[in-house]
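The values are calculated or read from the model by the stated rules, or taken from the named source; none is laboratory data. In this text, all values refer to a predicted model and were calculated from it rather than measured experimentally. So basically every Cβ, Gly included, is an ideal-geometry build from the backbone, and we count neighbours across all protein chains shown.
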Amino acid sequence: MKILALETSTEYCSVALWHDGAVSERCELVGQKHSEMLLAMLDVLLQDSGFGIQDMDGIAFGKGPGSFTGVRIACGVAQGLALGANLEVAGVCTLEALAQASGREKVIAALDARMGEIYLAAYEKYEGTWVAVIAPCLCKAEDAPQVTGAAWHGAGSGFAVNGAALQARYGEQLGSMDAQAVPQAGAVAQLAAIEFAKGNAVDAAQALPLYLRDKVALKTSER
Amino acid sequence: MKLILGIESSCDETGIALYHTERGLLAHTLHSQIAMHNEYGGVVPELASRDHVRYALPLVREVMKQASCTLGDIDTIAFTQGPGLSGALLVGASVACSLAYALNIPTIAVHHLEGHLLSPLLSDPAPEFPFVALLVSGGHTQLMRVDGVGLYTLLGETLDDAAGEAFDKSAKLLGLDYPGGALLSKLAQHGSPGRFKLPRPMLHSGDLDFSFSGLKTAILLVVQKNAQDEQTRADIARAAQDAIVEVLVKKSLSALKLTGLKQLVIAGGVGANQALRAQLNQAAQQHSFKVFYPDLEFCTDNGAMIAFAGALRMQQHEAQRDYRFNVKPRWDLQQFSQAD
């Protein structure tokens, strides 16, 4: 099975090809220039692999949470590729991608959500499968949901921006930390491969973002 | 013989269309977000983007079905690159370019205003080049000389608010729902002309520029000074509409006189305004020129004009395959024209 994955929810742009468990990946720091880089990077990745988009079995994308615009670029491109190549899609939570990439078994994943908040989830690996013990949520670092047990690994930009508050919150439960970790397409591809194998892939039109922050403006009646 | 898929997502309408260079417009469909933004009293850019990403793909499928075409039949995908809301533009651009990549076909980036400018050519009878175009919408008010596809000379434009914005803001002052332009026109039908005198900004400025921002201040004063009975509101609406329409008509006539051209094309959402159409028709008879309007469905943002502009642009070999889909939220049409 061959899955093409893309991740654009942060200032990085990454693409990956999962081919029966082997992952090739390209990742670049692009700031806000995902739209200029993404398809060109995909094209180079495919050319290097010797495959075309028509040879793929599915499209995977980082569905968020993350930059709204970035996540929509991933969704829009996943939609277009999947529609054009007649493929199904699987969206992967960026927080779970952080857990996957960490190489640990117990991960608190947190991404900076701006406006003094973070996107946070906690995952534990049971028999090779990630279980979300805290479902992805939007919160202030000091109000982050509690976890049980020790030896948790903290991953993601949430620990860079709100490191002190999260360390105060989790104290000695937090055994290690990688605040520089970013969700990348390689991890997205690995997690999506599991979904494709389970038959959980969906139609191209269902390539939609997971925003978590839903209140983005006040209605006239609320002002 | 080419089939072009057009994708428009620059503001609050997702428009998708299929245009065939010989058979004409095969199918078009539109999802308007007006009802959603209404609750917020204006377009919320983030919500607009969120809506586009939900509707773009289903609408592409819908036009393919309407036209009984398959994706493999498409030769080129045209999409609105700007100007407009950047997040909204990016949705259309990302779907357009990735679909084109997967289908191994080229894309054409279309200027939103060029789409509007050329949309009257979709109607019958259609104007012939050269003509003067009045672009009037919620975001734009410009007079352009159009000598051909890509040959645009800016004659004048608004220095502040767009005419459609003036309609909507006046409507808001009268307590009408957003976007109130059309509601204001409806209310104005019951108004008596001349009861309230409003300024005609820049009517005698000697150039072809517009200014509408002062009008809302004048209307605010009138609203504050008068009782809000139904007749008074209608009279104010009438005064607001008369002021905006008179400026648009007079400046259009000046543009025709200056250029010596005999065809005037009206494009953009305000082109649907019946009072504007009536006065322009009357002026056209008096001053013996011809005035052209796009069909009502093509006055507002739509995919058909993007597919059509893409088709015309394609004749100039502009389709490209580099699939970088950067958007241009601010993009001057004249610069775009000169760049060619």
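Can you work out which of the residues in the stretch B:288-310 that are at pLDDT 95 or above and part of a helix (DSSP H, G or I) is surrounded by the most Cβ atoms within 10 Å (Cβ to Cβ)? Per the stated criteria, the residue is B:I306. Screening the stretch B:96-109 for residues that are over 15 Å from B:L18 (Cβ atoms) and either of a type in the set (F, W, Y) or at the interface with another protein chain (Cβ under 7 Å from one of its Cβ atoms) (or both) and picking the one that is nearest to the chain's Cα centre (by Cα) gives B:C97. Checking each residue in the stretch B:145-154 for being crowded, with 22+ Cβ neighbours inside 10 Å and touching an Asp or Glu at 6+ places or on another chain (Cβ under 9 Å) picks out only B:Y152.
Being closer than 29 Å to B:A88 by Cβ and either modelled with pLDDT of 95 or more or over 14 Å from the mean Cα position of the chain (by Cα) (or both) is a description that applies to A:V77. Condition test on B:D73, is it more than 9 Å from chain A (Cβ to nearest Cβ) and either of a type in the set (F, W, Y) or more than 17 Å from B:V95 (Cα to Cα) (or both)? Criteria met by B:D73.
Please find, within the stretch A:55-81, the residue that is surrounded by the fewest Cβ atoms within 10 Å (Cβ to Cβ) out of those that are part of a helix (DSSP H, G or I) and more than 8 Å from chain B (Cβ to nearest Cβ). Filtering first and then ranking leaves A:D55. Screening A:L87 on (1) within 12 Å of another protein chain (Cβ to nearest Cβ); (2) surrounded by fewer than 24 Cβ atoms within 10 Å (Cβ to Cβ); (3) in a helix (DSSP H, G or I); (4) not polar (S, T, N, Q) shows it passes everything except condition (3).
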